[in-house]
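For reference, the structure discussed in these notes is given below.
The values are calculated or read from the model by the stated rules, or taken from the named source; none is laboratory data. Just so we're clear, the structure is a prediction, and the values are computed from it rather than from any experiment. Note: ideal-geometry Cβ built from the backbone for every residue, glycine included; neighbour counts use all protein chains shown. Ligands, DNA and RNA are excluded from the accessible area calculation, which covers all protein heavy atoms including side chains. Shrake-Rupley method; radii C 1.70, N 1.55, O 1.52, S 1.80 Å.
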Amino acid sequence: DAARHADQAFFSVRRGYRYVPKHIFGLPTDALLAGVVAPPEGAVLPDNLNDAIDVLVGDLTRLGLPVPDHDLLTSHPIMNTQVLHHLAHGDLIAKPDVERLTPTGAVFADGSEVDVDVVLLATGYQSLLPFLDEKLLPWKQDHPQLYLNVFARELDSLYVLGFVEFADAAYRRFDEMAQLVVLDIRARETGVRKVELDELKRADQPDLTGGIPYLDSPRHANYVNSETYQTYLAKLRERFAWPELTETTYPKATT
C-alpha cells in the first residue's frame, strides 16, 4: 500500500530472505511443490527447489536485497512477489536492517538515514503464557516444549494449541491438534489405554522436521514439517482407533 500511494516508501530487512511466488504455472505454489497437483503438460520443475525459485524470481541483489542466507523451506517462506514488483519499478527502496529510530525517521545499518511519516514494524512476536508459572513447562528459546506441540509431558490435562510453526497453512492442523486433546480426555475419563498414552507423552521423542535443517533461531524452535507432522498424527489416530477428520466432520452452514 505504501509503495502504491506514498511519495516514497522504504523496505528494510534484517537478512536475506527467499521470496516465493504464490502461483507457478498458474497453480498454487504450495500444492505444486508438495506434489498435491502436477505441473501442466510440458512443464518440469527442477529437483532442486532453490534453483526453481531462483530461476522464477531472479537475482534479488538487482533490487537491492541481500542474497538469501538459507535454503528454501528451512525458514518460513515469504509468499509475496508484489514487493519485488514494486522494488523493480522504483516504488519501493530496499534498505538494510534498522540501526535505530530517530524522532523523524530511521538510521540503517549502512549509515543511511531517511525521514518518514509512518514506521510499520513487522519484527515478529513473543510466545508467552503469562497466566502460567514458567516452571510448569520446559522452555527452549522462549517456546514451551510440548509433546507434539500440544501436551505437557509431566502434567496431566495441560494442553496448548498454537505454539507450532509450519511452512504451510496451519488451521487444519489446529483442528487435528484439538482432536488429540479430545483423545487424551477420553483416555483420562474412561481409563482406556491411558497408561499407554501417558507413556507416549512422557517419553516419545519423534523427529518432526522431516529431515529439514531449519534455522537455529527462536522463530524455528517449534518448527515442524507439515507433511511429517500430518503423517505422525495419522499413525497416532490409527493406533488409538480415532477417526480421521474429514469434510463431513464439520456441520454445513445454514442460512
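Could you run the Karplus curve 6.51 cos²θ - 1.76 cosθ + 1.60 with θ = phi - 60° over the range 133-141 and give me ³J(HN,Hα) per residue in whole Hz, x for Gly and Pro?
5, 4, 6, 6, 9, x, 10, 9, 6
Can you compute the charge dipole magnitude of the range 1-158 about its Cα centre, using +1 on each Lys and Arg Cβ and -1 on each Asp and Glu Cβ, nothing else charged? Give it in debye, rounded to the nearest 20. The partial results should precede the final answer.
Values: 11 positive and 22 negative charges, 24 e Å.
My answer is approximately 120 debye.
I'd like the FRET efficiency for Glu154 and His70, computed as 1/(1 + (r/R0)^6) with the beta carbon distance as r and R0 of 30 Å, rounded to 0.05. Let's see the in-between values first.
On the way: r = 34 Å, r/R0 = 1.14.
Efficiency, from the Cβ-Cβ distance: 0.30.
Over the range 93-136, calculate the relative contact order: mean separation of alpha carbon pairs under 8 Å at least 6 apart, over the residue count, as a percent. Present the calculation step by step, with values, prior to reporting the outcome.
Working: 33 pairs, mean separation 9.7, N = 44.
Over the range 93-136, the number comes to 22 percent.
Could you give each residue of the range 13-30 its phi-based ³J(HN,Hα) in whole Hz, using Karplus coefficients 6.51, -1.76, 1.60 with θ = phi - 60°, and x for Gly or Pro?
Going residue by residue, I get 10, 7, 7, x, 10, 9, 10, 10, x, 5, 9, 10, 6, x, 10, x, 4, 5 Hz, with x marking Gly and Pro.
Before anything else, pin down the relative contact order of the range 105-255: Cα pairs under 8 Å, at least 6 apart, normalised by residue count, whole percent.
Numbers: 121 pairs, mean separation 28.5, N = 151.
Reported relative contact order: 19 percent.
If you stretched the chain out fully between Leu245 and Thr61, how much longer would it get, using 0.36 nm times the residue separation minus the C-alpha to C-alpha distance? Display every interim value, and only then the final one.
On the way: separation 184, 0.36 × 184 = 66.24 nm, distance 4.45 nm.
Value of the extension gain: 61.8 nm.
Could you check how many percent of all C-alpha pairs in the range 34-109 are farther apart than 18 Å? Each step should come with its number before you reach the end.
Values: 1621 of 2850 pairs.
Cα-Cα pairs in the range 34-109 separated by more than 18 Å: 57 percent.
Please work out whether the range 148-188 counts as rounded, prolate or oblate from its C-alpha gyration tensor, where a ≥ b ≥ c are the square roots of the eigenvalues and a/c under 1.5 means rounded, while otherwise a/b larger than b/c means prolate and anything else oblate? Walk me through the numbers before you get to the answer.
On the way: a/c = 3.57, a/b = 1.70, b/c = 2.10.
Oblate shape, in that a/c is at least 1.5 and b/c is the bigger or equal ratio.
Stretch Thr102-Val37 to full length: gain in nm at 0.36 nm per residue minus the Cα-Cα span?
Working: separation 65, 0.36 × 65 = 23.40 nm, distance 4.89 nm.
Full extension of this stretch gives 18.5 nm more.
Give me the three principal axis extents of the range 20-75 from the C-alpha atoms, as integers in angstrom, largest value leading.
Dimensions of the range 20-75 along the principal axes of its Cα atoms: 35, 21, 18 Å.
Between rounded, prolate and oblate, where does the range 65-108 land on the alpha carbon gyration tensor, with a ≥ b ≥ c its root eigenvalues, rounded for a/c under 1.5, else prolate if a/b exceeds b/c? Working shown, then result.
On the way: a/c = 2.66, a/b = 1.43, b/c = 1.86.
Oblate, because a/c is 1.5 or more while a/b does not exceed b/c.
Which net charge results when you count Lys and Arg as +1 and Asp and Glu as -1 among the other residues whose beta-carbon is under 12 Å from that of Gly210? Kindly include the intermediate steps, with their values, before the conclusion.
Values: positive: none; negative: Asp168, Asp207, Glu227.
Once positives and negatives cancel, what remains is -3.
Leaving out ligands, DNA and RNA but keeping every protein chain, what accessible area does Ser157 have, in Å² rounded to the nearest 10, with a 1.4 Å probe?
50
With +1 on each Lys and Arg Cβ and -1 on each Asp and Glu Cβ, and nothing else charged, work out how big the dipole of the range 95-165 is about its Cα centre, in Debye to the nearest 20. Don't skip to the answer; put the middle values down first.
Values: 5 positive and 12 negative charges, 55 e Å.
For this selection, approximately 260 debye.
Amide H neighbours of Phe240 under 5 Å, counting only residues 5+ apart in sequence or on other chains, H built in-plane at 1.01 Å?
The answer is none.
Work the Kirkwood hydrodynamic radius out for the range 120-255: mean of 1/r over every pair of different alpha-carbon atoms, inverted, in Å. Before the final figure, lay out each step's value.
Working: mean 1/r = 0.0610 Å⁻¹.
Kirkwood radius, the range 120-255: 16.4 Å.
Would you mind calculating the relative contact order of the chain from Cα pairs under 8 angstrom and at least 6 residues apart, reporting the percent as a whole number?
On the way: 269 pairs, mean separation 40.9, N = 255.
Once divided by the residue count of the chain, the mean separation gives 16 percent.
Where a ≥ b ≥ c are the square roots of the eigenvalues of the C-alpha gyration tensor, would you call the range 1-152 rounded, which needs a/c under 1.5, or, failing that, prolate if a/b is larger than b/c, or oblate?
Values: a/c = 2.25, a/b = 1.02, b/c = 2.21.
Taking the square roots of the gyration eigenvalues as a ≥ b ≥ c, the range 1-152 is oblate.
Given a Förster radius of 30 Å and the C-beta distance between Phe25 and Val119 as r, what FRET efficiency does 1/(1 + (r/R0)^6) yield to the nearest 0.05? Working shown, then result.
On the way: r = 38 Å, r/R0 = 1.26.
Using R0 = 30 Å, I get an efficiency of 0.20.
Which far-off residues, 5 or more places away or on another chain, put their amide H under 5 Å from the one on Ile93, with H placed in the peptide plane?
Ala9, Phe10, Phe11
If each of Ala203 and Leu161 carries a label point 7 Å out from its Cα toward its Cβ, how far apart are those two points in nm?
It works out to 3.0 nm between the two label points.
May I ask you to work out the translational diffusion coefficient for the chain at 25 °C, viscosity 0.890 mPa s, via Stokes-Einstein with Rh from the Kirkwood sum over Cα pairs, reported in whole µm²/s? The partial results should precede the final answer.
Details: Rh = 21.6 Å.
This corresponds to a translational diffusion coefficient of 113 µm²/s.
Calculate the FRET efficiency for Glu189 and Asp7 from the Cβ-Cβ distance with a Förster distance of 51 Å, rounded to the nearest 0.05. Numbers along the way, then the final one.
Numbers: r = 63 Å, r/R0 = 1.24.
The value I calculate is 0.20.
Spelling out what I want: for every residue of the range 143-156, take phi, set θ = phi - 60°, compute 6.51 cos²θ - 1.76 cosθ + 1.60 (Karplus), and round to whole Hz; glycine and proline get x.
Going residue by residue, I get 10, x, 9, 10, 5, 6, 6, 10, 9, 5, 6, 9, 10, 6 Hz, with x marking Gly and Pro.
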